[in-house]
Amino acid sequence: MELEAEKTLIQAESSDGPNSNSSDLVARVRKLLFRRMLVGIRDGRFFLGTFHCMDKQGNIILQDAVEYRSTRRSSTSPMEQRCLGLILIPSSCRSSCHVGCSIEEQLSLLKL
């Protein structure tokens, strides 16, 4: 659902001229602002932070971000973490994106 919202924002920003569909897509992503977001990137790391903004290329900025990475390749190894603060995650590196919200909020995001 969250990745769909990101794609809809990118489509809305890149479309030419005013369009009611574009404004609906932007409104859907605006509902995700300032929520806790977990973003996975292709090298296996995860970033947990507050969703601050997204540009029309799909790059995400998280504030108060913490990086989580495995210290070894085995799945049972402990995760290492470090505090980063404000970070930009390029859309080309992103592999997953999850936003923490209740089921009612997830349904309201789908209805828009």
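Please treat every number below as a calculation from the coordinates, not as lab data. In this text, all values refer to a predicted model and were calculated from it rather than measured experimentally. No Cβ is skipped: glycine too gets one built from the backbone with ideal geometry, and neighbour counts run over all protein chains shown.
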Next on the checklist: Sort 58-66, 94-102 by the packing proxy (mean of other Cβ within 10 Å over each peptide's residues), most packed first.
Outcome noted: 58-66, 94-102
Next on the checklist: Give me a comma-separated list of calculated 3J(HN,Hα) values for the stretch 56-71, in order, Karplus coefficients 6.51, -1.76, 1.60 applied at θ = phi - 60°, integers in Hz, x for any Gly or Pro.
Outcome noted: 6, 7, x, 6, 10, 10, 10, 10, 6, 7, 10, 8, 10, 8, 7, 6
